[in-house]
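Data first, discussion second: the structure below is written as structure tokens.
Derivation of every value follows stated rules applied to the coordinates shown; laboratory data play no part. Values in this document were obtained by computation on a predicted structure and should not be read as measured data. Cβ: placed from backbone, ideal geometry, glycine included. Neighbour counts: every protein chain shown.
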Amino acid sequence: MINYSRLSYQLKREIKKFTDKISKGLSRPKYKLIFQMLYGMLESQSTHLSSISRALKEDITLKKTIDRLSRGLRTFNENGLVMENYLNTVKSNMKDAPVLIVDNSDISKPYSQALDSLCQVHDGSTGGITTGYHLLEITALTRGHKMPVPVYTKVYSSTEQDYISEDEEVLEGLRHLSRHFGRSAIRTLDRGYDACVYYKYFLKNRENFIIRAKKNRDVRYKGKTINILELTKRFKGRYRIVFKDRKGKRIECKMSAIPVSLPSIPGRSLTLVVVYGLGETPMMLLSSLMSSDSRLAEAVTKVYLMRWRIEEYYRFKKQQFGFEDFRVRSLVSIRAVNTMLTVLIGLLGMFSEKQDKDLFILEIIECSKRIYGKSKFIYYALGDGIYNILRKTREGIKAFLYPEKIPPSQQLDIFKSFGIKESELYAK
């Protein structure tokens, strides 16, 4: 039988310990705001301040709780410090040279008019243009189960006064990686980043990368400039690999590794890995990884195919917590909500690393009541399990914020029931 009272207490304690770590250097009001937001989002599985306020179960009116959280978010400018503390907390769950996945997304707000600094964005779900915000995320894969843990996030708008370009926003994120991760960490990027500005950045800083190339990319091969797609037609696949996709379907691929360089960056050798079997057009991966080992092509392919995990991460963030449906208006508040939700998913990533050896995490997964068992992307099971546990609790986190105000236990004292003082009992 599941003891929901014990599990809810353990969850609150884990959230508090995590908040203590990521809130170092912050004032007490900021610490309380982060603690309440993290707990409220976990219990309500929502970013609505009204739902978060209900989850806190405070002894004041709901409106006062919402107003307090709203004021706190409007003045929260410590996102950088929180992310620094957070990175120091989650790094232990990653390898020394983790796989770093860079990808952009959008926050679609087509019916909003009063939000701050709205801009035109490409809606990935519909393929059209709508109003909203740009969202850049970088995730690292965990050591054991290869789950995506966010290490950088930023919501930005092209209508801001200090906005320069999308490339500059991405370079800012890459510089963040350079400060916190070594050169050996592999940066993995999609076709949208097949641009000389990124190749020059990586090669200048001698950082490892894998970028999927577009069909119109030109490369240098044996001293001649040639279209990359034309070059791939000369190679039919020297190596073979068999794997299963996300749906469990068995796929057989053939690969070739070709030494090339870029016309705009002569003298800097790259490896072009061509992968056949994933579509009509072969997948072309440009990488700084160089080796005479025959396993290089397989390693580059496997690392790049892990990119799908950031797409699952985006889907989880938007569906499980309804991130696109936030109701705060100022860009400062939006960024604060985004930061807190990002570190919250990082906490779930830390939980996911213990799924095979920690009884507490196993009980959370059991509370999720999965129909077909535990899935590979375990964040949904963790989110549902935590929701099912916390929604049964009658109290919020007041006892953890104000321990000195905890009411005395209502449990019957055995000594008092017989009119005996405990001191007298030991004296005898």
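Here are a few things to note about the model shown:
- Sorted by Cβ density within 10 Å, fewest first, the residues K64, K200: K64, K200
- Ordered by the count of other Cβ atoms within 10 Å of each Cβ, fewest first, Y379, Y31 give Y31, Y379.
- Over 30 Å between alpha carbons, listed pairs K12/K302; K16/K91; K254/K376; K24/K369; K16/K354: K12/K302; K24/K369
- Farthest toward positive dipole pole in the chain [+1 Lys/Arg, -1 Asp/Glu at C-beta], among P29, L189, Q161: L189
- Couplings for region 281-287, taken from phi via the Karplus curve 6.51 cos²θ - 1.76 cosθ + 1.60 with θ = phi - 60°, read 8, x, 7, 10, 10, 9, 9 Hz in order; Gly and Pro are left as x.
- Relative to the longest principal axis of the Cα atoms of the chain, the long axis of helix 196-205 lies at roughly 70 degrees.
- 12 Å Cα-Cα reach of K32 towards aspartates and glutamates, excluding residues that sit fewer than 8 places from it in its own chain: D20
- Here E84, E137 are placed in order of increasing Cβ neighbour count within 10 Å, fewest first, which gives E84, E137.
- Mean-position separation - Cα centroids, region 304-357 and region 163-192, in angstrom: 19 Å
- Relative contact order (%) - criterion: Cα under 8 Å, at least six apart; region: the chain: 19 percent
- Given charges at Cβ of Lys, Arg, Asp, Glu: region 187-229 dipole, positive-most of G223, F209, Y199: G223
- Contact order for region 68-133, expressed relative to its length and based on alpha carbon pairs under 8 Å spaced 6+ residues apart, stands at 24 percent.
- Other residues with beta-carbon under 11 Å from the beta-carbon of H48 carry, at +1 per Lys or Arg and -1 per Asp or Glu, a net charge of +1.
- Model label points for K357 and T225, set 7 angstrom from Cα along the Cα-to-Cβ axis, are 5.4 nm apart.
- About its Cα centre, the dipole of the chain is roughly 1000 debye, where the only charges are +1 on Lys and Arg Cβ and -1 on Asp and Glu Cβ.
- Distance between the C-alpha centres of region 91-112 and region 206-254: 24 Å, rounded to the whole angstrom.
- Averaging the sequence gap over all C-alpha pairs within less than 8 Å and six or more residues apart, then dividing by the number of residues, gives region 1-88 a relative contact order of 30 percent.
- For region 297-339, the residue among L305, F323, V337 whose Cα projects farthest onto the positive side of the dipole built from Cβ charges is V337.
- Here the spin labels are modelled as points 7 Å beyond Cα on the Cα-Cβ line, and at R295 and K249 they lie 2.9 nm apart.
- Springs join every pair of Cα atoms under 10 Å in this Gaussian network model of the chain, and among Q113, Q45, Q355 the largest mean-square fluctuation is at Q113.
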